Amino acid sequence: MLTKRQSEILNFIQSRLFAGGYPPTFREIASHFNIRSVRTVSDHISALERKGYIKRDRGKKRSLRIIRGAETLIIGEISAGSPIVPIDPGDSVRFDKFIAADHLFLRVKGSSMVNDGIRNRDIVVVKPQKTVRNGDIAACLVEGEVLVKRFQKSHGEVTLLPANDNIEPLVIREDEGKKLEIIGKVIALFRSYE
């Protein structure tokens with residue numbers, strides 16, 4: 001089990017890896033958390049390594065790698081319907097089950113997927129892959145434009161289906177020469193209410 005500070009540091013390392021592709025230095029961690037001693041940061045990193053959350057190559061500045069992602073306790077259930085009594089199911093969620101270092105974060109612009117719960121300004125998490133299955137929500141590159149749509153392929157044509165009755169599907173036929181590249185599958189979504 002991680003201490004509160006170890007969990008915070010692990011989350012910070014993970015967020016820096018996702019955002020910039022490289023981990024923070026010990027000095028950057030110390031600065032972020034207003035820790036005066038780099039030695040204290042080193043102790044936290046050593047504890048995270050002992051507990052199997054990270055791996056580092058000694059002697060290198062930016063060598064931290066996430067082995068097991070941050071997790072947080074699920075403290076109960078909340079009803080989106082009838083009121084329920086809050087309970088503690090004793091469960092937790094690991095973020096690395098949803099997000100890996102190679103996943104892409106894309107901000108949504110527009111309302112074409114609103115009926116699938118994807119709204120303007122949401123951030124979708126895309127698992128890079130060259131193929132998706134029919135029905136998957138995919139990030140695609142079409143003629144230089146990145147789109148998020150539900151993917152459907154049948155008889156030599158791909159239909160990119162919106163989830164909004166006011167928007168027409170985009171049909172791409174192989175014989176028309178329009179370029180379609182699949183970036184990956186949408187696997188998670190983040191939304192800020194601030």
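Cβ-Cβ distances below 7 Å connect the following pairs, each with a first residue in region 158-169 that is farther than 13 Å from Val132 by Cβ, a second residue that is surrounded by 17 or more Cβ atoms within 10 Å (Cβ to Cβ) and of a type in the set (Val, Ile, Thr), and a separation of six or more residues or different chains: Ala163/Val114; Asn164/Val114. If the condition is being hydrophobic (A, V, I, L, M, F, W, C) and either exposed (fewer than 12 other Cβ atoms within 10 Å of the Cβ) or under 14 Å from Met113 (Cα atoms) (or both), then region 147-187 contributes Leu147, Val148, Phe151, Leu160, Leu161, Ala163, Ile167, Leu170, Val186.
Considering every residue within region 8-26, establish whether at least one is polar (S, T, N, Q), within 21 Å of Asp102 (Cβ to Cβ) and in contact (Cβ under 8 Å) with a residue 40 or more places away in the chain. Before you say what the answer is, go through the steps one by one.
Here is the first cut: in region 8-26, the ones polar (S, T, N, Q) are 11, 14-15, 25.
Those left that are additionally within 21 Å of Asp102 (Cβ to Cβ): 11, 14-15.
Next, from what is left, pick out any that are in contact (Cβ under 8 Å) with a residue 40 or more places away in the chain: 11, 14.
The answer is yes, given that some residue of region 8-26 is polar (S, T, N, Q), within 21 Å of Asp102 (Cβ to Cβ) and in contact (Cβ under 8 Å) with a residue 40 or more places away in the chain.
For Ala138, the criteria (1) part of a strand (DSSP E or B); (2) surrounded by fewer than 19 Cβ atoms within 10 Å (Cβ to Cβ); (3) among the small types (Gly, Ala, Ser) hold in every case but one, which is (2). For region 43-65, residues that are free of Cβ contacts under 8 Å to residues at least 24 places away in the same chain and within 17 Å of Arg27 (Cα to Cα) total 7.
Could you please find all residues in region 110-153 being of a type in the set (Gly, Ala, Ser) and in contact (Cβ under 8 Å) with a residue 12 or more places away in the chain?
Ser111, Ser112, Gly117, Gly135, Ala138, Ala139
Being at pLDDT 65 or above and of a type outside the set (Phe, Trp, Tyr): is that true of Gly110 here?
Taking the combined requirement at face value, the residue satisfies it.
The values are calculated or read from the model by the stated rules, or taken from the named source; none is laboratory data. No experiment lies behind these values; they were computed from the predicted model shown. Ideal geometry is used to build each Cβ from the backbone, glycine not excepted, and the neighbour counts take in all protein chains shown.
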